[in-house]
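Participant: Take a look at the following structure, please.
The values are calculated or read from the model by the stated rules, or taken from the named source; none is laboratory data. Computed from a predicted model, the values in this text were never measured in an experiment. Here the Cβ positions follow ideal geometry from the backbone for every residue, glycine too, while neighbour counts run over all protein chains shown. With ligands, DNA and RNA removed, areas are computed over all heavy atoms of the protein, side chains included. Shrake-Rupley method; radii C 1.70, N 1.55, O 1.52, S 1.80 Å.
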Amino acid sequence: MASTALRSELAVCGVALDAPVQRHGGAGPSDDGHVLLGGAGAALPIVPTSRYQVRDGRLLLDGADLGLAVEPVRRPAFYDLTTADGVPYHQIARLHGADVLATTVVQTCVRYRVEERCRFCAIEESLRRGSTTAVKTPEQLAEVAEAAVRLDGVRQLVMTTGTTAGRDRGARHLARCVRAVLAAVPGLAVQVQCEPPGDLATLTELREAGAASIGIHVESLDDAARRRWMPGKGSVPLAEYRAAWREAVRVFGRNQVSTYLIIGLGEDPDELVAGAAELVEMGVYPFVVPLRSIAGTLATDVDGASPPAAEVVADVTTRVAALLRAAGMRGSEQRAGCAACGACSTLPSAGA
Ligand code: SF4
């Protein structure tokens, strides 16, 4: 496996590589290629001008072999199928890493107006490009998940959603989708991702639908950074997140609840790590990821924001990983989700 220092460099500088499984726009980290790096899943930013390159399955820096194998994830067979109602499967769900199926069940967000949207998010860009559909039905997801498990050995499903206008912010549609998928593929590990869903009883509904784990993603615990980077979502009080995390830990269990924390939103690294410590204490896994350059985001296209320095990413990663290890919380012990996958974070390289 890559060291934390090298993994952080790759996360920030990207790699010149050609990967058959790529993602552009959409929710969460994107504009990346999916590979096995030293045997571990990694979603690496594709940067044709990077000093890091892949040649003959080896990672090179300025042409020098770094001693790590890079194996591109193969295009899955389910991408070539079409649903009963005529939609290509790859517009319904995508392969992430080697064995994770991921979907955004509602590809629009009530906060996507310029003055409200999260500046690092490109959720509606993949919709605008025609590479996905606005709403995935439970039936479509069940059909695609069944094929992805049968044909491509998918082991878990990540289901996220754009925020809807309803009080539940989209969580109830997630519950319907989970039920349909598990009826078609009993036992598949499913993680759902949503905002705090208004009525906290909805978290029990998601668990009873069969979701194994949940991500409630805050991105930053610094209110100044939240207002600057996420004017819409940042208006949800942190107290609401804390109440949702607590209830989610009660319902899903310790270390089956996670949240993204983005490194590079101007937050002091010590404060970011202190926030991560608070989360770990609650039983919530802080999935730290660096800010990425993603075409279609306001951060990249308007602000010209750059990813943080690799040294900062490595430092935060090392300290958060130590907290997680001390608490006995490993991503690989989550049943499903981004922490279980780990491809977008440097945490696995630091033993978390
Ligand atoms: S960490 Fe999450 S977003 Fe990244 S590849 Fe894995 S499942 Fe997808």
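Participant: Give the cysteines in the chain for which no other Cys Cβ lies under 4.7 Å away, or write none if there are none.
Facilitator: C13, C109, C177, C194, C338, C341, C344
Participant: Once you mark the GluC sites (Glu not before Pro) that are in a DSSP loop and have at most 15 other Cβ atoms within 10 Å, what is the longest gap between them in the chain?
Facilitator: Longest stretch, sites excluded: 117-352.
Participant: In Å, what Rg and Dmax follow from the Cα atoms of the stretch 171-218?
Facilitator: Rg then Dmax for the stretch 171-218, in Å: 10.2, 32.
Participant: Calculate, in nm to one decimal, what S235 and R150 gain on full extension: separation in residues at 0.36 nm each, minus their alpha carbon distance.
Facilitator: 26.4 nm
Participant: Suppose each label sits 7 Å from its Cα in the direction of the beta carbon; what would the R335-R246 distance come out to in nanometres?
Facilitator: Reported label-point gap for R335 and R246 is 2.4 nm.
Participant: Net charge within 12 Å of V313 by Cβ-Cβ distance, Lys/Arg positive one each and Asp/Glu negative one each, not counting V313 itself?
Facilitator: 0
Participant: Here's another thing I want to ask about it. Compute the distance from the alpha-carbon center of the stretch 189-209 to that of the stretch 275-352, in whole Å.
Facilitator: So the separation of the two Cα centres works out to 22 Å.
Participant: Rank D32, D199, D152 by accessible area, highest first, at a 1.4 Å probe radius? Display every interim value, and only then the final one.
Facilitator: On the way: D32 0, D199 65, D152 45 Å².
Per-residue accessible area, sorted high to low, gives D199, D152, D32.
Participant: Here is a further query. Once the piece of chain linking R129 and S306 is laid out straight, how much longer is it, given 0.36 nm per residue of separation minus the C-alpha distance between them?
Facilitator: 61.3 nm
Participant: While we're on this one: Would you work out if the stretch 1-128 is rounded, prolate or oblate? Take a ≥ b ≥ c from the square roots of the eigenvalues of the alpha-carbon gyration tensor; rounded if a/c is under 1.5, else prolate when a/b is larger than b/c, oblate otherwise.
Facilitator: Oblate is the answer for the stretch 1-128, as a/c is 1.5 or above yet b/c matches or exceeds a/b.
Participant: Residues in the stretch 133-150 near a label at R75, defined as backbone nitrogen under 18 Å from the 7 Å Cα→Cβ point?
Facilitator: 148
Participant: If you place +1 on the Cβ of every Lys and Arg, -1 on the Cβ of every Asp and Glu, and leave all else neutral, what size is the dipole of the chain about its Cα centre, to the nearest 20 Debye?
Facilitator: 580 debye
Participant: Further question: If you take the charge dipole of the stretch 4-350 about its Cα centre, with +1 on Lys and Arg Cβ and -1 on Asp and Glu Cβ, which of P138, P196, A340 is farthest toward its positive end?
Facilitator: Final value for the positive-end residue is P138.
Participant: Using DSSP, restrict attention to beta bridges with both residues in the chain and report what percent are antiparallel, rounded to the nearest 5. Spell out each step's value before the answer.
Facilitator: On the way: 24 of 48 bridges.
Around 50 percent of the beta bridges assigned by DSSP in the chain are antiparallel ones.
Participant: Classify the chain as rounded, prolate or oblate from the Cα gyration tensor: take a ≥ b ≥ c as the square roots of its eigenvalues, call it rounded if a/c is under 1.5, otherwise prolate when a/b beats b/c and oblate if not.
Facilitator: rounded
Participant: Moving on. What FRET efficiency comes out for E278 versus V114 if R0 is 41 angstrom and r is the Cβ-Cβ distance? Round to the nearest 0.05. It would help to have the intermediate numbers written out before the result.
Facilitator: Details: r = 32 Å, r/R0 = 0.79.
With a Förster radius of 41 Å, E is 0.80.
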